[in-house]
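Q: Sharing a structure with you now.
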Amino acid sequence: MNDEFNKLLNSISKTNKIGHAFLFEVDDDYSTDKSIYFIKKILEKDIDDRNKLEDIYRRIDNNIFEDLKIIRSLDNTIKKEQIIELKSEFKNKSLNSIKRFYIIEYAEYLNPAAANSLLKFLEEPDDEIIAILVTKNIYSVLETIISRCQTVNLNRYVTRVDDDSFSEALKYIKIYENNGNRAVAYLSELYNLKIEDIKKYIESWMLIYKNILDILLNKESSNSSDFIEEYREISTKNKIENIIKKIKKVEKMERLINSNVNVRVILDQLFID
């Protein structure tokens with residue numbers, strides 16, 4: 001488990017407070033076992049009877065635990081009917097007199113009707129129900145769902161960038177954020193850079209906007225300490241949906257730069273609306 005996940009577990013242990021909804025950002029290293037481990041740690045705090053706890057662990061491991069439901073996509077789609085079935089099953093209290101859990105793998109596969117149905121469920125939280133949403137692409141998850149969850153990054157790899165290029169990249173983002181489309185007049189030097197240099201900037205821009213999104217979601221990023229004031233300033237100029245749109249623009253830039261597209265076309269994806 002990574003540092004962010006361990007911090008979450010330590011916080012729950014110290015404060016004895018558990019949120020009602022979590023959004024786990026994962027990569028290809030993810031398996032359902034990680035979410036199950038989280039659930040077991042919560043149950044461990046709630047159940048003093050070791051025999052009862054071991055019996056519940058056994059039922060979880062054998063997929064016969066009544067108070068856990070796992071929702072997965074059908075042909076890369078999670079449908080409204082699956083969410084309605086979940087809500088119906090969770091109307092009643094736990095048969096074991098403990099918290100109930102559901103895992104959704106993967107939240108980006110929720111179709112619009114399913115996402116809206118789940119959103120209504122999240123908007124009326126039950127202290128005895130804990131949601132664990134898993135995603136490999138948080139920027140494809142409905143922003144109103146993101147805002148109602150505590151996001152936790154479980155990615156095995158942490159992005160690292162060159163310090164010099166990162167500072168330069170942040171400078172350009174600040175120009176863009178302060179001037180909007182007019183920023184193009186101040187960014188002409190970028191259009192003369194080599195592809196290798198643009199790649200470094202794009203990597204930095206992605207990390208910058210992810211850190212700003214963390215701030216808007218009330219979750220300070222572990223990568224943001226050196227530039228936290230700049231991030232906070234930019235966050236005041238944006239809403240969550242604005243930052244998500246900008247992250248998607250940078251993602252498009254990443255795809256284009258790997259397709260040998262002209263540098264000007266790539267840069268215009270971000271700096272011209």
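Q: So which chymotrypsin sites (Phe, Trp or Tyr not before Pro) in region 112-157 are both in a DSSP loop and have at most 13 other Cβ atoms within 10 Å of their Cβ? Numbers along the way, then the final one.
A: On the way: sites: Phe121, Tyr139, Tyr157; in loops: Tyr157.
Passing both the DSSP loop test and the Cβ count: Tyr157.
Q: Please compare each pair in Lys45/Lys93; Lys69/Lys248; Lys41/Lys239; Lys7/Lys237; Lys45/Lys80 to a cut-off of 24 Å on the Cα-Cα distance and tell me which ones are over it.
A: Lys69/Lys248; Lys41/Lys239; Lys7/Lys237; Lys45/Lys80
Q: Right, another one. May I ask you to give the percent of accessible area on the chain that is carbon plus sulfur, with a probe radius of 1.4 Å? Working shown, then result.
A: Details: 6260 of 14610 Å².
Its accessible area is 43 percent carbon and sulfur atoms.
Q: I'd like the orientation of helix 240-257 relative to the chain: the angle between its Cα long axis and the longest Cα principal axis, in ° from 0 to 90, rounded to 10.
A: That helix lies at roughly 60 degrees to the long axis.
Q: Scan region 98-189 for trypsin sites (Lys or Arg not before Pro) in coil per DSSP, keeping those whose Cβ has at most 13 other Cβ atoms within 10 Å, and list them by number. Please report the intermediate quantities before stating the final value.
A: On the way: sites: Lys99, Arg100, Lys120, Lys136, Arg148, Arg156, Arg160, Lys171, Lys174, Arg182; in loops: Lys99, Lys136, Arg148, Arg156, Arg160.
Answer by residue number: Arg156, Arg160.
Q: So what's the Cα pair-distance distribution over region 16-71, bin width 10 Å, in %?
A: 18, 52, 27, 2
Q: Something else: Specify the angular offset, from 0 to 90 degrees and rounded to the nearest 10, of the alpha carbon long axis of helix 80-89 from the longest principal axis of the alpha carbons in the chain.
A: Taking Cα atoms only, the helix is inclined about 40 degrees.
Q: P(r) tail for the chain, what percent of Cα pairs lie past 33 Å? Don't skip to the end; give the middle numbers.
A: Working: 11281 of 37128 pairs.
That tail contains 30 percent of the Cα-Cα pairs.
Q: Using a 10 angstrom cutoff on alpha carbons, build the Gaussian network for the chain and name the most mobile of Ile129, Ile198, Ile175.
A: Ile175
Q: Of the residues Tyr186, Tyr109, Tyr30, which exhibits the maximal mean-square fluctuation in a Gaussian network model of the chain defined by a 10 Å Cα contact cut-off?
A: So, out of Tyr186, Tyr109, Tyr30, the one fluctuating most is Tyr186.
Q: In degrees, nearest 10, range 0 to 90: what is the angle between the Cα axis of helix 112-123 and the longest Cα principal axis of the chain?
A: For helix 112-123, the angle is close to 70 degrees.
Q: Give the Cα extents of region 65-220 along the principal axes, in whole Å, largest first.
A: Taking max minus min along each principal axis of the Cα atoms, region 65-220 gives 64, 29, 27 Å.
Q: Oh, and also: In whole Å, what are the extents of region 1-158 along the principal axes defined by its C-alpha atoms, from largest to smallest?
A: Projected onto its principal axes, the Cα set of region 1-158 covers 42, 39, 28 Å.
Q: Compute the Cα gyration tensor for region 46-99, then decide on rounded, prolate or oblate, letting a ≥ b ≥ c be the square roots of its eigenvalues: rounded whenever a/c is under 1.5, prolate when a/b is larger than b/c in the other cases, and oblate in all that remain. Spell out each step's value before the answer.
A: On the way: a/c = 3.97, a/b = 1.89, b/c = 2.10.
It comes out oblate by the Cα gyration axes.
Q: Another question, then. Spin-label point model (7 Å from Cα, Cβ direction): what's the Glu89 to Thr236 distance in nm?
A: 4.7 nm
Q: Same structure, new question: Starting with the highest mean, order 48-54, 111-117 by the number of other Cβ atoms within 10 Å, averaged over the residues of each peptide.
A: Numbers: 48-54: 10.7, 111-117: 16.6.
Final packing ranking: 111-117, 48-54.
The values are calculated or read from the model by the stated rules, or taken from the named source; none is laboratory data. Keep in mind that this is a model prediction, so the values were computed, not measured. Methodologically, a virtual Cβ is constructed for each residue, glycine included, from the backbone with ideal geometry; neighbour enumeration extends over all protein chains shown. Side chains included, ligands, DNA and RNA excluded: accessible areas come from the protein's heavy atoms. Shrake-Rupley method; radii C 1.70, N 1.55, O 1.52, S 1.80 Å.
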